[in-house]
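Working notes, beginning with the structure itself.
The values are calculated or read from the model by the stated rules, or taken from the named source; none is laboratory data. Worth saying up front: this structure is predicted, and the values here are computed from it rather than measured. Here the Cβ positions follow ideal geometry from the backbone for every residue, glycine too, while neighbour counts run over all protein chains shown.
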Amino acid sequence: VEETALLNSLNIYPNPATDRVNITFASERELTVKLVNSLGQIVYNQFVINDLVTISTSSLAAGLYTIQLENEAISVKKILIIQ
């Protein structure tokens, strides 16, 4: 139930991204936000306690990435395109 609520509240914009991406979500728990490239390499990993994260993407290669929000109890993923 909590995973579904988090996934439903997860908003990634702009998508596709060029120089930055904003991630908003609703959660009462502390989460780790990860950005993973198509090779499975973690290119961003940050522990967050708020509901807004901005990631600079200007130095990242164009392609498909996965945004993961997780903690010990839940894990959700969404796709991000970087141009």
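When the residues of the stretch 66-83 are filtered to those that are modelled with pLDDT of 95 or more and loosely packed, with under 12 Cβ neighbours inside 10 Å, which remaining residue is farthest from residue 11 (Cα to Cα)?
Checking each candidate, the answer is 83.
Quick check on my filter: what residues within the stretch 33-65 are surrounded by 15 or more Cβ atoms within 10 Å (Cβ to Cβ) and either touching a helix residue (DSSP H, G or I) at 6+ places or on another chain (Cβ under 7 Å) or in a strand (DSSP E or B) (or both)?
Just the residues of the stretch 33-65 that are surrounded by 15 or more Cβ atoms within 10 Å (Cβ to Cβ), to begin with: 33-37, 43-44, 48, 53, 55, 57, 60, 65.
Residues satisfying the conditions are 33, 34, 35, 36, 43, 44, 48, 53, 55, 65.
Restricting attention to the stretch 15-32, which residues are loosely packed, with under 14 Cβ neighbours inside 10 Å and within 15 Å of residue 83 (Cβ to Cβ)?
Residues satisfying the conditions are 16, 18, 19, 20.
Report whether or not residue 27 is modelled with pLDDT of 95 or more, in a loop (DSSP other than H, G, I, E, B) and among the hydroxyl-bearing types (Ser, Thr, Tyr).
On the way: modelled with pLDDT of 95 or more: no; in a loop (DSSP other than H, G, I, E, B): yes; among the hydroxyl-bearing types (Ser, Thr, Tyr): yes.
Against the criterion (modelled with pLDDT of 95 or more, in a loop (DSSP other than H, G, I, E, B) and among the hydroxyl-bearing types (Ser, Thr, Tyr)), residue 27 does not qualify.
Scanning the stretch 27-65 for residues that are in contact with a strand residue (DSSP E or B) (Cβ under 8 Å, 6 or more places away or on another chain) and among the small types (Gly, Ala, Ser), which turns out farthest from residue 14 (Cα to Cα)?
27
Tally the residues that are within 18 Å of residue 62 (Cβ to Cβ), of a type outside the set (D, E, K, R) and assigned to a strand (DSSP E or B), restricting the search to the stretch 14-24.
Within the stretch 14-24, residues that are within 18 Å of residue 62 (Cβ to Cβ), of a type outside the set (D, E, K, R) and assigned to a strand (DSSP E or B) number 2.
Given the options 72, 30, name the one that is under 19 Å from residue 2 (Cα atoms), touching a residue at least 24 places away in the same chain (Cβ under 8 Å) and acidic (Asp, Glu).
Numbers: 72 fails: touching a residue at least 24 places away in the same chain (Cβ under 8 Å).
After ruling out the rest, the residue left standing is 30.
If a residue has to be of a type in the set (A, V, I, L, M), assigned to a helix (DSSP H, G or I) and free of Cβ contacts under 8 Å to residues at least 40 places away in the same chain to count, how many in the stretch 1-13 make the cut? Walk me through it before giving the result.
To start, the set of residues in the stretch 1-13 that are of a type in the set (A, V, I, L, M) comprises 1, 5-7, 10, 12.
Next, only the ones that are assigned to a helix (DSSP H, G or I) stay: 5-7.
If we keep only those that are free of Cβ contacts under 8 Å to residues at least 40 places away in the same chain too, we end up with 5.
So the answer is 1.
Scan the stretch 1-14 for residues that are modelled with pLDDT of 90 or more and loosely packed, with under 13 Cβ neighbours inside 10 Å and report the count.
Here the count works out to 3.
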